[in-house]
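This report refers to the structure that appears directly beneath it.
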Amino acid sequence: MRIILNPNRSAGTINRNIYGHFSEHLGRCIYEGLWVGPDSPIPNENGLRRDVVSALKKLNIPVLRWPGGCFADTYHWRDGVGPVSERKTIVNTNWGGVTEDNRFGTHEFMELCRQLGCEAYFSGNVGSGTVQEFSDWVEYCNMPGKSPMADLRRANGREEPFNVKYWGIGNEAWGCGGNMRPERYADLARQYSTYLRAYDKEHKLFKIASGANVDDYEWTRKVAEIAGRQIDAVSLHYYTVPGDEWEHKGAATEFSREEYFATLRKALRMKELVAEHGRILRKASPKKKLGLVVDEWGTWFDVEPGTNPGFLYQQNTMRDALVAAVSLNIFNNHCDTVVMANIAQTVNVLQAMVLTEGPKMLLTPTYHVFDMYKGHQGAREIETYAETSLLTCGDWSVPNLHVSASEGADGKLLLTAANLSDTEEAPLEVLSDVISAKSAVTGTLLTGRPAAHNTFDKPDAVKPVTMTGIRVEDRRFTATLPACSVAAFEIARE
Ligand code: AHR
């Protein structure tokens, strides 16, 4: 099967933030997954798990979204600052009705971002908060001089501003964020945005409006038309759910062939969503380039048997790896539209990078895909064409191959390719004028049965290996992708 790489044509630079993540106060994502507290026997630095942070650091995470999700529109940031023993206790009404004692708040999250070396993306409360409260949070985080909120920050131990750039104006305002109609939300977005101020010229804010659910194009159009001047981007939430009903989403590790193909077909739908929402943004706000921020995406299955249904804990297989691969390929290929994406969620929730059990930790197949794809961050997307065959199972058809490619500042090309067939290998012939017989081509491969996954007893059942059998000639190289695999080829020109 031929893949053509054409460095002469590009959709632009792949924004690093496409490789962003999302961590909510939900189940065991923040508590246990990331934060164990400074007195925990689990090795930690300032309360944050050393094992998890060091694994995530390797992914070069550019940006991390917090504190929700639905939790964000119930969150009052002042509850999470100041002496821990005096912090207010609330009920996490969205996620299991558990007690939230706010021991992880703004300062702890910013410490996490410092340790990861990433930017913070705060999702502010519009659903149950006030304009004043949101505006105060920005002042608390970003005001360098003297002011009531900056003084409060200093009293809480932080002299310098945090300079948080990314601010989400509510979350899922059409649902858990207030059940609003788009006109009402768009007016609120205008109002809130007015009072979210930049406190110095060098630190402009990037404001993200709460966007559509899946294919609610009317939402995107109205928000962009009404609030386009006051915002920088509109978000989109799309989850890959194999089942037809939320009550029967399907299991994470035990699934039929038909569910495998349904999952991949639904993941591929991201292309249509990104293209159409992007087209609407360009049309609705022609004078200002509004970005699309896919700040929640990933697989959503039934929770693992015996776990709290409100905690959204699911295993992660090679099927998830393929969903990650095609989604990231789609974002790369639409980098003229998608300015940020945040997979849901970092640890122990939905399509996680890392799962933990007490002091143990494992890396999921999805983690490895993010690792293999990280060279695309900030690189120049290049045009690809893949010759594919169509795979059909029951009602579902998908192409067997899915690819994207980029060129780094050092001139090296990165080609990422997924073989979606569960049974057939894919012999590849990769063609490009920039390849010569002397080019160094290396490959990393992740493969296994569709349901293959890592467990705490066998944490390395699915892990990347170096590819063998790559043959390089003038203008082409050949390699074979096993069934159900993801590969990353690095091509150094001569
Ligand atoms: O990621 C889990 C939840 O999914 C988020 O809290 C919400 O925004 C979405 O519905």
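Quick note: the coordinates plus some simple rules give every number you see, no bench work behind them. What you see is a predicted model, and the numbers here were worked out from it, not measured in a lab. Here Cβ is always computed from backbone atoms with ideal geometry, including for glycine, and neighbour counts include all displayed protein chains.
Descriptive notes on the structure:
- The alpha carbon centroids of the range 296-363 and the range 135-162 are separated by 34 Å.
- The range 201-249: chymotrypsin sites (Phe, Trp or Tyr not before Pro) in DSSP loop, at most 14 other beta carbons within 10 Å: 246
- Helical contribution to [θ] at 222 nm, DSSP H n ≥ 4, -39,500 (n - 2.57), averaged over the chain, rounded to 500: -7500 deg cm²/dmol
- With contacts taken as Cα pairs under 8 Å and at least 6 residues apart, the chain reaches a relative contact order of 18 percent.
- Taking every DSSP bridge with both residues inside the chain, close to 60 percent are antiparallel.
- FRET efficiency for residue 213 and residue 455, using Cβ-Cβ distance with R0 set to 35 Å, rounded to 0.05: 0.55
- Helix 217-227 axis versus longest C-alpha principal axis of the chain: approximately 50°, rounded to the nearest ten.
- Fully extending the segment from residue 245 to residue 480, taken as 0.36 nm per residue of separation minus the present Cα-Cα distance, adds 80.9 nm.
- Evaluated over the Cα positions of the range 15-100, the convex hull gives a direction-averaged projected area, one quarter of its surface, of 6.5 nm².
- Two-decimal log10 I(q)/I(0) for the chain, as the Debye equation yields it once each C-alpha is a single scatterer, q = 0.07, 0.11 Å⁻¹: -0.36, -0.91
- Using distinct alpha-carbon pairs, which all enter the 1/r mean, Kirkwood radius of the range 383-492 in Å: 15.0
- In nm, spacing of pseudo-spin labels at residue 289 and residue 269 (7 Å Cα→C-beta vector): 3.0
- Taking each residue as 0.36 nm, the span from residue 204 to residue 184 lengthens on full extension beyond its C-alpha to C-alpha distance by 4.6 nm.
- Annotation: aspartates and glutamates with alpha-carbon distance below 16 angstrom to residue 463 (same-chain offsets under eight excluded): 320, 371.
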